[in-house]
Amino acid sequence: MKSESGVKNRNLSDAKNKSRKAKSKMPLIFCAIVVASILVGFVAGMLLFPKHDEAEPEKQKEPEAAKEEDHDDETTSSEWGDAYAKYFTERNELTDTNSPVLSAIDFMNDGTPEILLNYTTSVSAKTQILYLDAEQKVIASDSYNNARLVLLYPIEETEGEEAQPNLKPEPTWYLYNGSDTEYGRYVKVSDIISGSSNPVFINATTDASLLSLHENYVEISPELDTYQLNMKKIYPSIKELVQSGEYNPINDNIEKSVSGEISDRYAVKQKEAEDKKAAEEKAKAESEAERISAGIKVGDYTVAYGGYSAKLDGGATVKIILKSDGTFTMEDTSEGNVKSGTFVVENSTIILGTKADGAKLNVTGNNSLKYNDAVLTK
């Protein structure tokens, strides 16, 4: 049926049915929205807030990893290296801030090196020598302030008529402590390692003795291989030192340097000795010349050194030579012999020989002599 307007009227029962169907679907839609919201929230929660039992194992792994890092490889592949490494694990006062530095040196040439330890404190630089006793226990020497390791080579000469310098002397290891005394002093390393209660010290107490020390020895400060000790990775640090295999810093270059230094010093010493001898001989000659020139003082007169002669009665002659060394020779042809000996001056007389039976020369003026009333002329 159409309305008066011409619009077809809808069936009331159809409209009611449609309305019922729409109302019946509303609860289902609402439930779907709720479920979707729950699922979205659940997924977001999983992503933003992981479960405690899944995150916990990761947290537990952190200290284990740190532990493995601190104690990585607890061996140095060497018994002596392990002994030193274990020792350093017990040096609680040492930290990386002390900057501990190690050098391995076989001071005793027995195949087992000792350790030179250098580290710092708030007061000074410290040096210690570490060594193993008979039970393979590490012993630490006293701490030396501002010390350095040196080799002292003695200046020696070979024995024999033609002495020559020993160009290959045996060196001795010393630890030089520069702040121990005014001039410093050297302590023998072998005495430190042996645990001697009276180690040998070489030291100077004056400028002269310091100069003598330097003249008697050639001092070498060898270049050492050094290794930084990581106090958090002690074993790996010591292992690196062990694997270096270089425990003797005395090399060919050092020995050549020492030989050259000794040779140069010997040449200078020889030149100085020659110059000294020449100067002494020159001074002696000049003194002798002055003495000869001055002649022999006899009272108020002077008698020159040299030869004098005279004619004696009967045709014989006498020849007398007065020498600058205080000796004489006398040839008397009348007696047919030659006498010699020393002469002395007494008052105005020169006595040839002893006072008791020597010939007497009377001095009557400068270079004027009489022998048995015979006038001697020069």
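The values are calculated or read from the model by the stated rules, or taken from the named source; none is laboratory data. Please read all numbers here as calculations on a predicted model, not as lab measurements. Cβ sites come from the backbone with ideal geometry, for glycine too, and all protein chains shown count toward neighbours. Ligands, DNA and RNA are stripped out before the accessible areas are found, and what is left, the full protein with its side chains, is counted by its heavy atoms. Shrake-Rupley method; radii C 1.70, N 1.55, O 1.52, S 1.80 Å.
Observations on the model:
- Test set (1) assigned to a loop (DSSP other than H, G, I, E, B); (2) more than 18 Å from Leu117 (Cβ to Cβ) - Ser212 fails condition number: (1)
- Residue list for the stretch 316-345, restricted to those being under 22 Å from Ala294 (Cα atoms), open to solvent by less than 40 Å² (accessible area, probe 1.4 Å) and free of Cβ contacts under 8 Å to residues at least 24 places away in the same chain: Gly326, Thr327, Thr329, Gly341, Phe343
- Residue in the stretch 295-304 that is touching a Lys or Arg at 6+ places or on another chain (Cβ under 9 Å), at pLDDT 90 or above and either among the acidic types (Asp, Glu) or over 30 Å from Glu156 (Cβ atoms) (or both) present: yes
- Restricting Val303, Val318, Val345 to residues that are over 18 Å from Lys378 (Cα atoms), in contact with a strand residue (DSSP E or B) (Cβ under 7 Å, 6 or more places away or on another chain) and of a type in the set (A, V, I, L, M) narrows the list to Val345.
- Some residue of the stretch 290-308 being of a type in the set (S, T, N, Q), over 30 Å from Glu215 (Cα atoms), surrounded by 11 or more Cβ atoms within 10 Å (Cβ to Cβ) and touching a Leu at 6+ places or on another chain (Cβ under 6 Å): no
- Scanning the stretch 164-183 for residues that are buried (at least 17 other Cβ atoms within 10 Å of the Cβ) and under 13 Å from Leu213 (Cβ atoms) turns up Tyr174, Tyr176.
- Count of the stretch 184-207 residues which are part of a loop (DSSP other than H, G, I, E, B) and open to solvent by 30 Å² or more (accessible area, probe 1.4 Å): 8
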